[in-house]
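Data first, discussion second: the structure below is written as structure tokens.
The values are calculated or read from the model by the stated rules, or taken from the named source; none is laboratory data. No experiment lies behind these values; they were computed from the predicted model shown. Using ideal geometry, Cβ is built from the backbone for each residue, glycine included, and neighbour counts are taken over all protein chains shown. Areas reflect the complete protein model, heavy atoms only, side chains present, ligands, DNA and RNA absent. Shrake-Rupley method; radii C 1.70, N 1.55, O 1.52, S 1.80 Å.
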Amino acid sequence: MLLTLFLFFLSAAVIYFACEYFVNGVEWVGHRFELGATATGTVLAAFGTALPESAVTFMAVVFGDTPEQKDIGVGAAMGGPLVLATLAYAVVGLALWRAHRGRATQLDCINADQRRLARDQAWFMGIFVFKVGLGLLAFAWKPWLGILFLVTYGLYVKRELSNDEESLASEDLEPLKLRPRDTDPALSWAITQTALALVVIAGASHVFVNQIETLGVAMGASPHLAALLLAPVATELPEIMNALIWVRQGKERLALANISGAMMIQATIPSALGIFMTPWLLDAPLLAAGLFTMLSIGLLWLRFRSSGITVPVLSAAGGFYALFAIYLGWHFYA
């Protein structure tokens, strides 16, 4: 148990340290490709940090030998969006509240393209309702519908990259960590730093997932409960770490865009893998995960659409995850 706790905290620290390099590198990559802050967060950063949880789904549904192992992949595909829609947004809200502590008037000031984020939430809700609906039906050609999810994500990326938002300015960026004395590092250096950071994040995330599952079992949680409640938190840790770093740097636009883009990936790519390789039939806990995800995103969409998102609203999103945890406790132990 001591070794498990040591690896738990060590891997979390390594993820945070690697995320410092990742967000720094991905900002320079976005700058070199003349992408705006929102596109940098929704496409580049989100795609990179979504690799660990997508890998969990891929390994479970493709190489799983038993229905229970494949269920872990389905649970990751449903649990990931729930964590992003609740805990990740709540972390941004709490971090902003801490940054603005003592300045009550600043709680309503969030630097983000709220209308554009509202469109992301609308895309997500449409895709998510469709994938949950598929989980209620059984028919022979269902696996072919996984292609629609991949095509939809391709269209989303095309839309994000074609947006004419002003690109990141080099004077707003911290020096590239691998080239701290270079005021204008080459694209190759930025890509190298980003890729190396991703490798470290992926490795540390794998260790972190193993430790959190071990701790869950040690505390008496069933494997199903650990896979649905604890493992998604572990696999979404890079996005949460990125959000904390960007909020600390006063770049909440990038933090919110990263979460929004990661949600689009979670709604499409892991779902497509699950639909391709499993019957994709959702039980009660998975349907509950979908319900609480939609409740949180519905609230955020209404506020983003009216440009009325505030720090308290973002922070309150975490309450839906707490309600889901209470439901799971009742479902498995009542």
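Among the conditions (1) open to solvent by less than 40 Å² (accessible area, probe 1.4 Å); (2) part of a loop (DSSP other than H, G, I, E, B); (3) at pLDDT 85 or above, residue 289 misses just one, which is (2).
Would you confirm, using the coordinates I've provided, whether residue 276 is open to solvent by 10 Å² or more (accessible area, probe 1.4 Å) and either touching a residue at least 12 places away in the same chain (Cβ under 8 Å) or of a type in the set (Ser, Thr, Tyr) (or both)? So residue 276 fits the description; yes.
Out of the helices (runs of 4 or more DSSP H) lying entirely within the stretch 12-96, which hold 2 or more residues that are modelled with pLDDT of 85 or more? Spell out the reasoning first.
Details: elements: 46-49, 51-63, 67-83.
Hits in the stretch 12-96: 67-83.
Inside the stretch 133-177, can you point out the residues that are among the hydroxyl-bearing types (Ser, Thr, Tyr), closer than 19 Å to residue 261 by Cα and either assigned to a helix (DSSP H, G or I) or modelled with pLDDT of 90 or more (or both)?
Hits for the stretch 133-177 are 152, 153, 156.
For residue 308, state whether it is more than 18 Å from the chain's Cα centre (by Cα) and either buried (at least 19 other Cβ atoms within 10 Å of the Cβ) or in a helix (DSSP H, G or I) (or both). So residue 308 does not fit the description; no. Could you say which residue among 227, 322, 334 is more than 20 Å from residue 124 (Cα to Cα), out of contact with any helix residue (DSSP H, G or I) (no Cβ under 7 Å at 6 or more places or on another chain) and at pLDDT below 90? Just a single option satisfies the conditions, and that option is 334.
For the stretch 311-324, which positions are in contact (Cβ under 8 Å) with a residue 60 or more places away in the chain and either exposed (fewer than 14 other Cβ atoms within 10 Å of the Cβ) or more than 27 Å from residue 228 (Cβ to Cβ) (or both)? Scanning the stretch 311-324 gives 311, 312. With respect to the stated conditions, residue 257 fails to be more than 15 Å from the chain's Cα centre (by Cα) and either under 12 Å from residue 131 (Cβ atoms) or open to solvent by less than 40 Å² (accessible area, probe 1.4 Å) (or both). Checked against (1) open to solvent by less than 40 Å² (accessible area, probe 1.4 Å); (2) more than 22 Å from residue 23 (Cβ to Cβ), residue 283 passes all but a single condition, namely (1).
Scan the stretch 133-145 residue by residue and report those that are open to solvent by 30 Å² or more (accessible area, probe 1.4 Å) and of a type in the set (A, V, I, L, M, F, W, C). If the condition is that a residue be open to solvent by 30 Å² or more (accessible area, probe 1.4 Å) and of a type in the set (A, V, I, L, M, F, W, C), then 136, 137, 138, 139, 140, 141, 144 are the ones that fit.
Just give me the residues in the stretch 236-254 being of a type outside the set (A, V, I, L, M), in contact with a Phe, Trp or Tyr (Cβ under 9 Å, 6 or more places away or on another chain) and open to solvent by less than 10 Å² (accessible area, probe 1.4 Å), in sequence order. Outline the logic, then answer.
Kept after step one, since they are of a type outside the set (A, V, I, L, M), are these residues of the stretch 236-254: 236, 238-239, 242, 246, 248-253.
Pick out the ones that are also in contact with a Phe, Trp or Tyr (Cβ under 9 Å, 6 or more places away or on another chain) and you get 238, 242, 252-253.
Once the filter is applied, which keeps residues that are of a type outside the set (A, V, I, L, M), in contact with a Phe, Trp or Tyr (Cβ under 9 Å, 6 or more places away or on another chain) and open to solvent by less than 10 Å² (accessible area, probe 1.4 Å), the stretch 236-254 yields 238, 242.
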